[in-house]
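Structure, as structure tokens:
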Amino acid sequence: MLSELSAAMESAPIEPDFLCVFYGCMHDDEAILAFVRDRFPDAAILGGTSCGGVMSEDGLGGERSIGLLLVEDPDGDYGTAAVRLQGNAADCAEQALHDALAAAGCAGELPELIWVYQAPGQEEAVLDGLRRVVGDRCPIVGGSAADEDVAGKWRQLGPTGLMSDGLVVGVLFSSGGIGFAFQSGYEPSGESGIVTQVDGGADECVTGASARGRRIVGIDGEPAAEVYNRWLGGALARKIASGGNIMIDTAMSPVGVEVGKIGGIPHYLLIHPNRILADGSLATFATIEEGARLFGMRGNRPNLVERAGKVAAAAASMLPGGPASLAGGLVIYCAGCMLAVGNEMPKVSRAVSASLDGAPFLGCFTFGEQGSILGRNAHGNLMISAIAFGK
């Protein structure tokens, strides 16, 4: 696979200033890292594993695929830094951002965009740490590294090497401008309830023991799994007693919290319940607070296929020069959505490519998505993030 990438790059030589590399988790990371370091010694590097490989303007690559997006922009500034998320994750993220700014030669400056790729589990704390430096004046976009079966085999790749429990931060000061978008393809199903109890440490493989709020214990004073099962018309009945993984069962029926309105229309940040625990609580891929109103949400394959193209188009439309100035893009598509869409995923890559008018793009499939929604940086599930680079 690396030899194929090398041959492809021979036909279009480029000296990138910023480099993203994503790949299926069965690959030899050390070989990939050695390849990009040797080939592009001056590039700011960011990447990691993606569930099921990658997608691009050429279609779906499959589990054994490797994708590179190379940004050559000598008039811009780019820097990356990496840190293991040990101890206080917010402190780690804050330091990584300062290190990335220093690597770009832009210490103390406000980036046009911050790109992150991290181990699942402490995304909200990471955002808190980055927000200490930039607030919400700068969009923070990215994803949480994934494997094939939520077994903790995800990895992150940065300028200092490989990690399985880390964060890679990229700061982008683009000379051609950057557009971004962060949306979902779901709508309210009509059910809602108040979260009456949460607890942390529900599923340490996914959430981390310190991730308080990732286990929903009660909704309206009742066991959360029982309430959620009613919302889904009894679809989880067989797993209520024994518990277990419900990631696929709930991919089309997650929950959400309202984050605001535009023109009177509510917008939602999605939360994906991934497991029923023995006590009837729900483990999730994102944090929820006690007292929050939780809404049942629903999606379908056509909406999830079409939404990816719409998000990419929205990012391109934000470029200072408009879509006509588009050079290429990066797309984060939730792995849960990818698995739910199934054999229609080729339509997703085609929809993105059509929206970007055939420009090069790289897409990966993640266990969490970060982006700016109604002016605030947030972490959600079953979401789609996109950034567009201007010429």
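The values are calculated or read from the model by the stated rules, or taken from the named source; none is laboratory data. As the structure is a computational prediction, the values presented were derived from the model and not from experiment. All Cβ positions, even for glycine, are placed from backbone atoms using ideal geometry, and neighbour counts span all protein chains on display. For accessibility, only protein heavy atoms count, side chains too; no ligands or nucleic acids. Shrake-Rupley method; radii C 1.70, N 1.55, O 1.52, S 1.80 Å.
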One finds, for His267 and Asp38 with R0 = 35 angstrom and r their Cβ-Cβ distance, a FRET efficiency to the nearest 0.05 of 0.20
Per residue, the convex hull enclosing the alpha carbons of the range 25-81 has a volume in Å³ of 100 Å³
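In nm, what is the difference between 0.36 nm times the number of residues separating Arg64 and Arg238 and their Cα-Cα distance? Show your work: numbers first, answer last.
Details: separation 174, 0.36 × 174 = 62.64 nm, distance 3.45 nm.
The Arg64-Arg238 span can extend by a further 59.2 nm.
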Toy charge model, Lys and Arg Cβ at +1, Asp and Glu Cβ at -1: the range 1-137 dipole around Cα centroid in debye, rounded to 20, equals 400 debye
Residue span Ser175 to Glu290: 0.36 nm per residue of separation minus Cα-Cα distance leaves a gain in nm of 37.0 nm
Here the FRET efficiency for Glu187 versus Arg230, based on Cβ atoms and R0 = 30 Å and rounded to 0.05, is 0.95
Length gained if Ala107 through Glu222 is fully extended, taking 0.36 nm per residue and subtracting the Cα-Cα distance, is 36.4 nm
Percent of all Cα-Cα pairs per 5 Å bin for the range 56-141, counting from 0 up to the last occupied bin, reads 3, 12, 21, 21, 15, 13, 10, 4, 0
Burial-style ranking of 373-379, 84-90, average other-beta-carbon count within 10 Å with highest first, yields 373-379, 84-90
With the 8 Å Cα cutoff and a minimum separation of six or more residues, the chain has a relative contact order in percent of 20 percent
For Lys347, the lysines lying under 18 Å Cα to Cα, once residues fewer than eight places off in the same chain are dropped, come out as Lys310
Taking the chain and counting helices only, DSSP H stretches of n ≥ 4 at -39,500 (n - 2.57) each over all residues, the nearest-500 ellipticity at 222 nm comes to -7000 deg cm²/dmol
Here, Asp279 and Arg84, labelled 7 Å along Cα→Cβ, have an inter-label distance in nm of 3.0 nm
Under the 7 Å Cα-to-Cβ spin-label approximation, Arg137 and Lys153 lie apart by a distance in nanometres of 4.4 nm
dims of the chain, Cα set, principal axes, largest to smallest, nearest Å -> 59, 43, 42
Quick calc: nm separation of the 7 Å Cα→Cβ label points for Leu162 and Ile248 -> 2.8 nm
Ordering Phe18, Phe180 by the accessible surface of their heavy atoms, 1.4 Å probe, largest first, yields Phe180, Phe18
